[in-house]
Amino acid sequence: MKERYPRLEINLAHLKHNVAKVVEKCGSYGIQVAGVIKGATGLVEVAKQFDEGGAAFIASSRLEQIEDAKNAGIEKPMMLIRIPMLSEVEDVIRLADISLNSELEVIKALNEEAKKQGKLHKVILMADMGDLREGFWDKEEMADVCEYIENKLINIQLVGIGTNVGCYGSISPTVETLNELVEIAEHIEARLGRELEYISGGATSSLMRVWDGNIPKRINLLRIGEGILLARDLDVFYGYDMSELYQDVFRLKAEVIEVKDKPSHPVGTIAVDAFGHTPVYVDRGIRRRALLGVGKVDYGDPAELLPMEKGIEVLGASSDHTIIDIQDAEKDWKVGDVMEFDICYATIVYLTNCRNVNIVFV
C-alpha cells in the first residue's frame, strides 16, 4: 500500500511559521521563547522547526528528547522543564544547559555532578504562585536557596526564577500574578546584590498577556509548546484571535473499515466497557455508522477528535476502533475511505508516541 493508516500528517512549513510569529510577537516585548517540543514527543523534525524559527532554547520535560535534538545537530541551549529526578542528575548535566528546579537537595547533586563533568550548569528556581504544581511556596525559603546557590555552589549558576500556571490548578496568568513574580525576583535580587537574567512567566497560557499587551516588563522568558504547535487553546478556551497562526499543523487521517446501519443504543445487559466505564448511550433509533481502524490506544480521548467533514459525529471508541455516526454526512462513506480530523494537544502526544501511527511530514 502506498499510504498506511492511521496517519498523522505534520505540516512543517506551517509549524515553522508559527514558531517565527510567536518569537516575533514575544520579541516585541523583550521576551525570549523556549520552544517546548514534548507535545510532539520531541520529534527531531519538529525540534528543527523550533530551532530554525528562532526559539532561544529547545525545551522538554524528557531527557531522551533533548538527547535526540542534540544528536540531530541542533546547537541551541537545551532546557529541562520538569524538575530533575535525583536518579537522572548525571544525564541532566550531560544533556541540558539549563534546568528548572525547586529542591536544594537536587541542586546540590547537580553541582557535584557538574563538578565531575567539568561543567557550569544553569538553573531557574520555580515559585509556586497558586497552581500547586512545582515550586517554592515559602518565598523566603526560595530566597535563602538562591543565596545558598550564589555563595556556596561553584558549578551551578542561578540565572533566574520562574513559575508555572494553568497546568494543574487552572490558575490564570493574570497581570497581578505575574507582577507578584516580578516582586519576588526583585526581592531575591536585593539579597544577591545583582540582577537576574531571566524571569520566566509561564507557558502558553501566558501568551494571553502578550496578545493583550499587558505583560509586566520584566517578564522576559516564556516556555511555549501548544501555543505554537496548535495555537488552539487560547482561541477555544479564552476567545483570543489566533488567526496569525496556523491551526492545521497536525492532521489525523484514519481509514474506514466498516459501514453499516445499526441501533444507536447497545442491545443487552449493560455492564462496563473495555476501560471499566459505563458510558451513557442515547437511543436515536437505527443510524448509519462507520468504524475506523484507530482507537484509544493510538490517540487517547475520542472527544478530542475534531472531524473535518460536515455531518460526522464521533460517538466513542474502544482500544482499536473509533465509532462514527455518518447518518447526516454529506458524503456517502464507503469502506476504504479516509476520514480526516483536527486534533487537540493531548491527542498529539499520544499519536506521536504510538508506533502504530504512520507519521508523515508534508
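The values are calculated or read from the model by the stated rules, or taken from the named source; none is laboratory data. No experiment lies behind these values; they were computed from the predicted model shown. Heads up, the Cβs are rebuilt from the backbone with ideal geometry, glycines too, and the neighbour counts pull from every protein chain shown.
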Please specify each residue of the range 304-335 satisfying the condition of being surrounded by 20 or more Cβ atoms within 10 Å (Cβ to Cβ) and more than 17 Å from Tyr5 (Cα to Cα).
Ile312, Ile326
Leu100: of a type in the set (A, V, I, L, M) and in contact (Cβ under 8 Å) with a residue 60 or more places away in the chain, yes or no?
yes
Does Glu255 satisfy being within 30 Å of Asp320 (Cα to Cα) and either free of Cβ contacts under 8 Å to residues at least 60 places away in the same chain or surrounded by 12 or more Cβ atoms within 10 Å (Cβ to Cβ) (or both)?
yes
If you check Val314 against the conditions, is it closer than 19 Å to Phe250 by Cα and in a loop (DSSP other than H, G, I, E, B)?
no
Top-ranked residue of the range 336-356 - restricted to ones that are without any contact (Cβ under 8 Å) to a residue 60 or more places away in the chain and surrounded by 17 or more Cβ atoms within 10 Å (Cβ to Cβ), ranked as nearest to Val314 (Cα to Cα):
Tyr350
Taking the range 144-166, which residues are in a strand (DSSP E or B) and of a type outside the set (A, V, I, L, M, F, W, C)?
Gln157, Gly160, Gly162, Thr163
Can you pull out every residue in the range 258-273 that is of a type in the set (D, E, K, R), in contact (Cβ under 8 Å) with a residue 40 or more places away in the chain and touching a Leu at 6+ places or on another chain (Cβ under 9 Å)?
Glu258
Hits in the range 37-80 - residues which are over 15 Å from the mean Cα position of the chain (by Cα) and β-branched (Val, Ile, Thr):
Val44, Ile74
Can you tell me which residue is farthest from Leu178 (Cα to Cα) among those in the range 97-135 that are in contact with a Gly (Cβ under 6 Å, 6 or more places away or on another chain) and in a loop (DSSP other than H, G, I, E, B)?
Ser102
With in the same structural domain as Arg232 (by TED's automatic domain parsing), on the phi > 0 side of the Ramachandran plot and modelled with pLDDT of 95 or more as the only criterion, which of Gly30, Gly39, Gly35 stands out?
Gly30
Condition (residue is surrounded by 15 or more Cβ atoms within 10 Å (Cβ to Cβ) and under 27 Å from the mean Cα position of the chain (by Cα)) applied to the range 142-153: is it met by at least one residue?
yes
Go through (1) in a loop (DSSP other than H, G, I, E, B); (2) of a type outside the set (Ser, Thr, Tyr); (3) surrounded by fewer than 19 Cβ atoms within 10 Å (Cβ to Cβ) for Arg288 and report which single condition fails.
(1)
Would you call Gln157 touching a Leu at 6+ places or on another chain (Cβ under 6 Å) and surrounded by fewer than 18 Cβ atoms within 10 Å (Cβ to Cβ)?
yes
In the range 6-19, anything touching a residue at least 12 places away in the same chain (Cβ under 8 Å), of a type outside the set (S, T, N, Q) and either buried (at least 21 other Cβ atoms within 10 Å of the Cβ) or part of a helix (DSSP H, G or I) (or both) is listed as Pro6, Leu8, Ile10, Leu12, His14, Leu15, Lys16, His17, Val19
Mind telling me which of the residues Asp261, Asp273, Asp301 ends up being surrounded by fewer than 21 Cβ atoms within 10 Å (Cβ to Cβ) and under 17 Å from the mean Cα position of the chain (by Cα)?
Asp301
